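The values are calculated or read from the model by the stated rules, or taken from the named source; none is laboratory data. Because the structure is predicted, anything quoted here is derived from the model rather than measured. Cβ atoms come from the backbone with ideal geometry, glycine included; neighbour counts cover every protein chain shown. Areas reflect the complete protein model, heavy atoms only, side chains present, ligands, DNA and RNA absent. Shrake-Rupley method; radii C 1.70, N 1.55, O 1.52, S 1.80 Å.
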Amino acid sequence: MELLITLSLFSTIICFLSSATLGALRPRGVSLPKKIFYDPAQQFHCLDGSGLFPFHFVNDDFCDCEDGSDEPGTSACRNGVFNCLNHGHVSVDLPSSRVNDGICDCCDSSDEYRSSADCFNNCKELGEAALEAARAVREKFLKGEEIRNEYIKLGKEKKNEYKGLLDELNKQEKEALKVKNEKQDKKESAEAREGLILSHEREFKKAQEKRIAAEKRRLVEHQIQEEAEGQQAFSELDVNKDGKLTPNEIKLFSRFDYDGDGRVSDNEVQFYMHKRDEMTIEDFLANGWKIMKPAFTIDDQSDDIQTETKSVFKEDKVTFDSTKDLKIPADNDEKIEILKEAAVARKDFADADKLYRDIQAEIWHLKRKLKADFGEDDEFLVLETQCFEFSEKRYLYKFCPFDKVVQVVKVSKEETLIGLWESWGSDDEDRYHHMKYSRGTSCWNGPNRSVEVQLQCGTENKVTSVVEASPCAYVLEFTTPALCKTLPPEIKKILKNDFTFV
């Protein structure tokens, strides 16, 4: 009986105390930072304030606190936390449910103090291996940090260069605006002179067209009148009204007695009849009337028709001849010079306007670059104008920071935009560990393609992998010295007792 009491008391002490190597009075499973909350001389306060108990309730294999803080060394509480001290390696927190579950979770085997698991302490070996790995990471980090510092220097220089260029462009913008306004004034003045010349020319052409139309109309009227007179004459000469003129009918009219011998001779008939035996109305109007008309006007002493006809023909001749020599109401050389000046003025203004707009566009781009987020110290600015490639079996990926990500089919060289630069990650703490690219080419019957870029510290800028994590959504991993700002906490933890760590 005494032996059982002794063993029970010994078990309680073992459960209560931490590893004997530290020689410190600390309940099993309690981490060193939390040791101050576990004072055997006082009552135990649950860490969440949910209760107050005698200290011997700690690690009694019964859960009294809502946060499980009274059972750090047992599996009694579902939400309890067991700390592996792992002397010689890194201390680790485990869910208390793993305590004495037959699986060795702590390298010092402290989590299996009451199980049949065959655990052994290999913390020293694991610690040495982890330390070597951590030293390699640190070495890589230090090289990356050195490059990052150079990136920061280059970023600051680039930003200062942008500022200087912006100041110069602002001066150029003012000068370009002044030149543009001067060219605009010259253009408007030249175009006013050009407009006046062209206006006069249009008026002249309009008047000329009007005169030609009037003359054509008068000619048509004259032709109609001529035809009417010819038909009347034919009707008079066609004595038998058979629609034909014959030599015998012509001989009946003394007006055709050209030589005045008192009769119309055969020669005279042949002259007026164009040596024809007969003449229809069509032949008469086309040929005969032109020869016979003077005989009618002389015989009838009707000068009105003849005079008007001659006048019309005379006016027609003068009018049509004169149109060949007409000029616009301005000196032609002067006109050409004015039109040339206007064309040159327009080109000069267009050139000045383009220069002004180009300067404005460059100013806008520079202002965007100066306002853009290139990291806390502009360390990512050096990546802005670069692109990096990653090749796999079927595709070639082109990653251009702050611009776009493109997928290229190797066989066909066909390019697909899978993302345009959007922003850094939303998490403030890890903001510069993630890049978002969206608004890529839409998938067939699906969403627009997008890319998440995961950045890691590295000694070179390199795309290490690209995967399509879900349909049309890609994950790209990229190493860069720009991210080598601080060592990861887990590496610091391993290196904290390394005397070579600076």
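Some points to look at:
- Selection count where residues are within 44 Å of the chain's Cα centre (by Cα), hydrophobic (A, V, I, L, M, F, W, C), surrounded by 15 or more Cβ atoms within 10 Å (Cβ to Cβ) and at pLDDT below 90, scope the stretch 110-166: 2
- Selection from the stretch 274-298 of residues that are surrounded by fewer than 15 Cβ atoms within 10 Å (Cβ to Cβ) and either assigned to a loop (DSSP other than H, G, I, E, B) or on the phi > 0 side of the Ramachandran plot (or both): His274, Lys275, Asp277, Glu278
- Leu169 satisfies every condition listed in (1) open to solvent by less than 40 Å² (accessible area, probe 1.4 Å); (2) not in a helix (DSSP H, G or I) except (2).
- Contact map, the stretch 30-46: first residue more than 12 Å from Glu71 (Cα to Cα), second residue open to solvent by less than 20 Å² (accessible area, probe 1.4 Å) and of a type in the set (D, E, K, R), Cβ cut-off under 6 Å, separation 6 or more or different chains; pairs are Lys35/Arg26.
- Criterion applied to Pro54, Pro72 was being at pLDDT 90 or above, open to solvent by less than 50 Å² (accessible area, probe 1.4 Å) and more than 15 Å from Ser97 (Cβ to Cβ), and the one residue passing it is Pro54.
- Selected residue [surrounded by 17 or more Cβ atoms within 10 Å (Cβ to Cβ) and closer than 26 Å to Ile491 by Cα] from Cys77, Cys46, Cys107, Cys63: Cys107
- Arg431 open to solvent by 30 Å² or more (accessible area, probe 1.4 Å), without any contact (Cβ under 8 Å) to a residue 60 or more places away in the chain and not aromatic (Phe, Trp, Tyr): yes
- Of residues in the stretch 242-254 being in contact with a helix residue (DSSP H, G or I) (Cβ under 8 Å, 6 or more places away or on another chain) and not small (Gly, Ala, Ser), the one surrounded by the most Cβ atoms within 10 Å (Cβ to Cβ): Leu245
- Which numbered condition Ser465 fails, given (1) farther than 30 Å from Lys174 by Cα; (2) modelled with pLDDT under 95; (3) surrounded by fewer than 16 Cβ atoms within 10 Å (Cβ to Cβ): (2)
- Any chance Asp67 is over 30 Å from Cys457 (Cβ atoms), modelled with pLDDT of 90 or more and in contact with a Leu (Cβ under 9 Å, 6 or more places away or on another chain): yes
Per-residue answers, yes or no, for (1) aliphatic (A, V, I, L, M); (2) free of Cβ contacts under 8 Å to residues at least 40 places away in the same chain:
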residue	(1), (2)
Ile103	yes, yes
Asp108	no, no
Asn122	no, yes
Glu132	no, yes
Tyr151	no, no
Glu157	no, yes
Lys163	no, no
Ala176	yes, no
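- In the stretch 251-268, the residues that are under 14 Å from Lys293 (Cβ atoms) and either within 60 Å of the chain's Cα centre (by Cα) or part of a helix (DSSP H, G or I) (or both): Arg255, Phe256
- Residues in the stretch 239-298 that are closer than 22 Å to Glu227 by Cβ and of a type in the set (D, E, K, R): Lys241, Asp242, Lys244, Glu249, Arg255, Arg276, Glu278, Glu282, Asp283, Lys290, Lys293.
- Any hit, the stretch 477-488, residues being of a type in the set (Ser, Thr, Tyr), out of contact with any Phe, Trp or Tyr (no Cβ under 6 Å at 6 or more places or on another chain) and open to solvent by less than 60 Å² (accessible area, probe 1.4 Å): yes
- Screening the candidates Phe234, Phe271 for the property of being open to solvent by less than 70 Å² (accessible area, probe 1.4 Å), in a helix (DSSP H, G or I) and modelled with pLDDT under 90 yields one hit, Phe234.
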